[in-house]
Amino acid sequence: MDFSKYNIGLGITGSFCTFAKTRKEIQRLCDMGANVIPVFSFNAQTCDTRFGSAKEYVDGICEITGNEGIRTICAAEPIGPNNFLDIMVIAPCTGNTAAKLCNGITDTPVLMATKAHMRNGKPLVIAISTNDALGAGFKNIGMLMNMKNIYFVPFGQDNYKSKPNSMIAKLELLPETIEAALNGKQIQPILQTPT
């Protein structure tokens, strides 16, 4: 795949356990020529966790992409009127972010970037990562699947024994999902076991 003519907005929210895989896929998109503009949620920017330092992660993503990234709601708003993204991706997309997106809540840089981008009728790709996908978050995923211009990275249960409601995206299919979404298609099958 050649993404050299595409500007990809990439929203990163606080599913910290998937940060390493997300970073790998961002590197892959850049290697395919994409101009990746990272957008960081407040939690992604500030929460140090057992998975690593927020500052180190954010700095690393900015280094990979060569872009400073969008870190505030005010900085994300011009995405709409300036219409410079070809596609927006949220990877990882927490259940919290999915619920807010479903209900028109715009209180993080990622949600503002998404809202601003979608007003232009262009595609949004969601890489879901939530422990309650088959619980309280199930209705939100269903609603988003029925919205125009929204596409999902294939996803499935990541640990059905210990976390039976948890589902995460198969992030290695992110480039293929983006390519399909740019052509107005949902990659299939959408339900796949993550690796």
Here the residues of the range 169-191 lying in the modelled label zone of MET147, meaning backbone nitrogen under 14 Å from a point 7 Å along Cα-to-Cβ, are none
Ordered by packing density, taken as the mean number of other Cβ atoms within 10 Å over each peptide's residues, highest first, how do 60-72, 90-102 rank?
-> 90-102, 60-72
Taking H placed 1.01 Å from N in the peptide plane, check which residues at least 5 places from ALA34 or on another chain put their amide H under 5 Å from its amide H.
-> PHE3
Provide the percentage of antiparallel DSSP beta bridges, counting only those with both residues in the range 1-156; round to the nearest 5.
-> 5
Length added when fully stretched, GLN27-GLU172, from 0.36 nm per residue minus Cα-Cα | 51.0 nm
Which value at 222 nm does the chain reach when only helices count, each DSSP H run of 4 or more adding -39,500 (n - 2.57), with the total divided by all residues and rounded to the nearest 500 deg cm²/dmol?
-> -10000 deg cm²/dmol
Residues whose placed amide H lies under 5 Å from that of VAL39, excluding near-sequence neighbours = LEU10, GLY11, ILE12, ILE70
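Every read-out reported here was derived from the displayed coordinates using simple, explicitly stated rules and does not represent laboratory data. Everything numeric in this text was worked out from a predicted model, so none of it was measured. Every residue, glycine as well, gets a Cβ built from its backbone with ideal geometry; the counts of neighbours run over all protein chains shown.
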